[in-house]
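Below: the structure, in structure tokens.
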Amino acid sequence: MFRLAPRTDEAPAPAKEKRLVLRILELWRDAHDGDRLPQASALVPADTGADAEHVYLIDLLDPAGPRFTYVGAALQISTWQSAEGVLLGHCPDDSMLRPHQPALERNRRARRAGDARRHRSA
């Protein structure tokens, strides 16, 4: 004979997303402002909870170029004292963080072109 679990009126708690990238994407979506990128101050390592040592945060809007604001312990580059404040362009070629540089640079150029178009039409 099968035993049934007691019936409750409460809905079960939603399962926590298992994929890191989707958990971080949800944080990013909560932090961004409409079509604009989130400000660097909108996301802090504490927001990532238990994932903090496996994530990095980048300020894409820094005037000097994309810059790390946080790099988790599991992603630290051994030759760097601290990655915080370092421009992405200064990543060592063999770093796992380096492959993202071309995509970020394309996005930065596109954002500047969009800003220039908006200023011309104003």
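None of the figures in this text is laboratory data; all of them are computed from the coordinates on show. Keep in mind that what you see is a predicted model, and the values were worked out from it rather than measured. Here Cβ is always computed from backbone atoms with ideal geometry, including for glycine, and neighbour counts include all displayed protein chains.
Taking 0.36 nm per residue of separation and subtracting the Cα-Cα distance, what length does fully extending A52 through S82 add?
Numbers: separation 30, 0.36 × 30 = 10.80 nm, distance 1.53 nm.
Computed gain between A52 and S82 is 9.3 nm.
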Inset, instruction - Would you mind computing, in nm to one decimal, how far apart the modelled labels at D62 and L37 are, each placed 7 Å from Cα along Cα→Cβ? - result: 1.1 nm
